[in-house]
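The values are calculated or read from the model by the stated rules, or taken from the named source; none is laboratory data. From a predicted model like this one, the values you see are computed outputs, not experimental measurements. Positions of Cβ are backbone-derived with ideal geometry, glycine not excepted, and every protein chain shown enters the neighbour counts. The area values use the complete protein model at the heavy-atom level, side chains included, leaving out ligands, DNA and RNA. Shrake-Rupley method; radii C 1.70, N 1.55, O 1.52, S 1.80 Å.
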Amino acid sequence: MLDLFPDSVAAGDELQIGGLTASALAEEFGTPLVVYCEQTLRARARAYREAAPDARILYSVKAFPNVALLQLFAEEGIGAEVSALGELEFARRAGIQGERILVDGNNKSDEEVGAAVDAGASFVVDAPDDLERAASAGIRGDILVRVTPGIDAETHDAIKTGHLGSKFGLPPDDALATIGRGNVAGLHVHIGSQLLDLGAERMTIEWLAAFVARCRAELGWTPRLLDLGGGLGIRYLPEDAHVGIAEFVEALVSSTRAAWKLHGLPEPQLILEPGRSLVGDGAVTLYRVGVVKPVSGTTYVAIDGGMSDNPRPQLYGARFTAVLANRLGQEPTRAYTVCGKHCESGDVMIDRVALPEPRRGDLLAVPATGAYTLGMGSNYNGVPRPAAVLVGDGRVRLIRRRETIADLLALENG
Ligand code: LLP
């Protein structure tokens, strides 16, 4: 179970991350609190860089838009893939610019195209008129065309993107016609997220090589850049399969090399856009236990957050696990249902998890909550979103302050 926690986890009577106890962190910063582990984030970044030293690695900012994390990744040689103006501005605030930013998105506003020009960013064509918009705005970076390979990845329907009929990318004939119209440096593909199936990635690469062979035959064009998107999954539960970053990236690199060689194509430079696998297992969320309520066979353990800081259970049926961080040495007694504080019966974070009998004031720690949690949070029920901290070597830094009710009221006019 503790192997689901960040690399710096230490267990005794109490959970420790980055050399600090969960209770000291909760005491200082309050709860809910998202605790990122610097050691884990740097290790994941280095794993990508080492497995593909020649590739451009871009952090997919949507997983958790945060300036401090973007700066940390920039120190490790990692840029940013952004899909909206806000994400672009986060990357710029972190000092990232030029080709180290790639602007993506299926419906870019004029403002977003203009900001991509200002940043000198690279640009993904995802719509029939994107190429002309990029050219007339004066995009200086590399232009990639996103193509839909027609591959149905094995993941939740809401996060697969490579199938025909997807709102993302251009079908092959349209992609080819677009490439024929302009100054295109490469291809982009992203088939889905939380993938633990290397087969779908290999099939995609073989499909891409055949598509590039067609581009060469029909247009005399081959891509200098090949962006394979993100997608590598992480473990959320002890029984989940594990595919390491090295294994995943090596499969991409060797499949590309083999498929390109088969068609006698010049090898492209790779671009990778990992989100979840860079930050997902690098954080733990701490919650304070409030009400413990037995009702007809189920005992609810209510925490001081819920679907406003992690809507993944509601959106994807995602499953998480947890420990009582302040009573780690104690044996679980039976299964409890962890629910949030929101006014919805669906606000259940963990359907069943074995814990020592929880009491008001205990600290519940949920691992693997670094990606698509706080970044997809809301203010449902007027609940301010939690703070995030970065820990390492016994030190802690606030990287996103807790929202206040005053922040919410500042938007009101009445
Ligand atoms: N590149 C593109 C073009 C993407 O659309 C995405 C994710 C990524 C890269 C990063 O993928 P990752 O390495 O994180 O799998 N909210 C959902 C995930 C949505 C993913 C959207 N696109 C969830 O919580 O599972």
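Details
- Restricting attention to the stretch 340-356, the residues being out of contact with any Pro (no Cβ under 6 Å at 6 or more places or on another chain) and open to solvent by 20 Å² or more (accessible area, probe 1.4 Å) number 8.
- Members of the stretch 32-76 that are of a type in the set (S, T, N, Q) and open to solvent by less than 30 Å² (accessible area, probe 1.4 Å): Thr40, Ser60, Asn66
- Applying the condition of being over 27 Å from the mean Cα position of the chain (by Cα) and touching a residue at least 40 places away in the same chain (Cβ under 8 Å) to the stretch 291-305 and asking which residue is least open to solvent (accessible area, probe 1.4 Å) yields Val301.
- On the stretch given as the stretch 1-60, residues that are under 15 Å from Pro274 (Cβ atoms), part of a helix (DSSP H, G or I) and of a type in the set (D, E, K, R) total 5.
- Pairs are defined by a Cβ separation below 6 Å, a sequence spacing of at least 6 or placement on different chains, a first member in the stretch 264-284 that is polar (S, T, N, Q), and a second member that is buried (at least 24 other Cβ atoms within 10 Å of the Cβ); the pairs so defined are Ser277/Leu232.
- Boolean, Ser277 is under 22 Å from Tyr236 (Cβ atoms), away from the ligand (no atom under 13 Å from the Cβ) and crowded, with 19+ Cβ neighbours inside 10 Å: no
- Given (1) open to solvent by less than 10 Å² (accessible area, probe 1.4 Å); (2) farther than 29 Å from Gly165 by Cβ; (3) within 16 Å of the ligand (Cβ to nearest atom); (4) not hydroxyl-bearing (Ser, Thr, Tyr), index of the condition Ile271 fails: (2)
So that you can scan it fast, the table gives a plain yes or no per residue for (1) open to solvent by less than 20 Å² (accessible area, probe 1.4 Å); (2) within 16 Å of the ligand (Cβ to nearest atom); (3) in contact (Cβ under 8 Å) with a residue 60 or more places away in the chain:
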| site | (1), (2), (3) |
| --- | --- |
| Thr204 | yes, yes, no |
| Trp207 | no, no, no |
| Ala210 | no, no, no |
| Cys215 | yes, no, no |
| Trp221 | no, no, no |
| Leu226 | yes, yes, no |
| Gly231 | yes, yes, yes |
| Glu239 | no, no, no |
| His242 | no, yes, no |
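- Scanning the stretch 371-389 for residues that are among the β-branched types (Val, Ile, Thr) and either more than 16 Å from the ligand (Cβ to nearest atom) or surrounded by fewer than 17 Cβ atoms within 10 Å (Cβ to Cβ) (or both) returns Val383, Val389.
- Each residue in the stretch 250-284 was checked for being hydroxyl-bearing (Ser, Thr, Tyr) and touching a strand residue (DSSP E or B) at 6+ places or on another chain (Cβ under 8 Å), and 2 pass.
- Scan of the stretch 306-320 for residues that are surrounded by fewer than 21 Cβ atoms within 10 Å (Cβ to Cβ) and on the phi > 0 side of the Ramachandran plot, ordered by number: Gly317
- The set of residues from the stretch 1-31 being of a type in the set (Phe, Trp, Tyr) and either open to solvent by 50 Å² or more (accessible area, probe 1.4 Å) or within 22 Å of the chain's Cα centre (by Cα) (or both) comprises just one member, Phe5.
- Condition met for Arg288 (at pLDDT 95 or above, open to solvent by 10 Å² or more (accessible area, probe 1.4 Å) and touching a helix residue (DSSP H, G or I) at 6+ places or on another chain (Cβ under 9 Å)): yes
- Every residue from the stretch 356-391 that is outside any loop (DSSP other than H, G, I, E, B) and either within 20 Å of Pro65 (Cα to Cα) or β-branched (Val, Ile, Thr) (or both): Val366, Pro367, Leu374, Gly375, Met376, Tyr380, Ala387, Ala388, Val389, Leu390, Val391
- Of the listed requirements (1) surrounded by fewer than 18 Cβ atoms within 10 Å (Cβ to Cβ); (2) touching a residue at least 40 places away in the same chain (Cβ under 8 Å); (3) not hydroxyl-bearing (Ser, Thr, Tyr), Gly165 misses just one: (2).
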